[in-house]
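The values are calculated or read from the model by the stated rules, or taken from the named source; none is laboratory data. Since this is a predicted model, take the numbers as computed values, not measurements. Cβ coordinates were reconstructed from backbone atoms using ideal geometry, including for glycine residues, and neighbour counts include every protein chain displayed.
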Amino acid sequence: MEKQARHRPHREYPDARRLVFDPDIETCPICGQTLKARRNWHSRKTIQTLNGPLFVAGKTKECVTSTCRNYQKRYYAGRVWLYSLPGSTYGLDVLAWIGWQHEHEHRQLVEIQRMLNQRGIAINERNVGKLYRQFLALLSATSENVCESLANTAQEYGGLIWAMDALQPEGPSGLLYVLYEVLSGKPVAALQCEHASEAELVEWLRPFSALELPVLATLSDGEHTVIATLKTSWPQAPHQRCQVHFLNNLADEVLDYDDELRKNMRQDLGGLPKAPQRPAEQTEPPF
Ligand SMILES: [Zn+2]
């Protein structure tokens, strides 16, 4: 059997689908002024998902009001963490799938590894175990560390902004509900189940809604149960249907065509020789 390298192998996926997210909020929560886009992205990586490789990136904005307490404070696109955890090169759907196969289908990790390999996902058994443990940590995330970091965020920004989304990983692995905090840009907790009722979701969020920290707003896309849950859990906080989510939902439809077009163009044009460089004095203006 071929020996697996211990270091992370370098993988290239030129045909990966691309998702680039804008920050979740557009105005500074402290001074209320419009945030300015920064050129740097806070996250950019290609991950392996059950549906093939995916390039995911998050843009950054900052407060540029010099009199604001949070001048130059950066804001992130938390939605990238719905696709993959910080530091991971695997999709959250892969983690959810491993969790489901191990817990509900009672498969051994080595068997799960084989199944993932058959689906075209390059992974060794050690990493299947690692992803499973990461997933369990996300499912039981009410440790002191998490609470302390939330308290720090609330102190820094004057409150928290909670966002929640329901993902449907491929196959019979139920839904994955993910809670993240927008201002710190961190995934906080996840719940894996078949369709959850509002009461079940409110119960899941209770450790967080019981925290005595100010909440500035809640964000989600248009899913009815998710909106109702956020409104019940944090009745004082205004709920916003996230513009970013809404636009991304629309873009999903277009992306397939866009990918197809890019692939075809690469095939059509990839074989052409490089355009010869002309001496500078012969260069003509474009019009
Ligand atoms: Zn500001």
Heads up, the helices (runs of 4 or more DSSP H) in the stretch 102-184 (entirely inside) with at least 1 residues that are among the β-branched types (V, I, T) and farther than 21 Å from Q48 by Cα are 144-157
R114 vs (1) more than 16 Å from the ligand (Cβ to nearest atom); (2) modelled with pLDDT under 95: all pass except (2)
Given (1) in contact (Cβ under 8 Å) with a residue 24 or more places away in the chain; (2) within 30 Å of P29 (Cβ to Cβ), T89 misses just (2)
Pairs returned, first residue in the stretch 26-55 that is on the phi > 0 side of the Ramachandran plot and modelled with pLDDT of 90 or more, second residue that is away from the ligand (no atom under 15 Å from the Cβ) and assigned to a strand (DSSP E or B), beta-carbon separation under 8 angstrom, 6 or more apart or interchain, are G52/R17
Residue hits (the stretch 12-71; within 15 Å of the ligand (Cβ to nearest atom), touching a Phe, Trp or Tyr at 6+ places or on another chain (Cβ under 8 Å) and outside any loop (DSSP other than H, G, I, E, B)) are T60, K61, E62
From the option list P187, P169, single residue qualifying as farther than 29 Å from K61 by Cβ, within 21 Å of the chain's Cα centre (by Cα) and buried (at least 17 other Cβ atoms within 10 Å of the Cβ) is P169
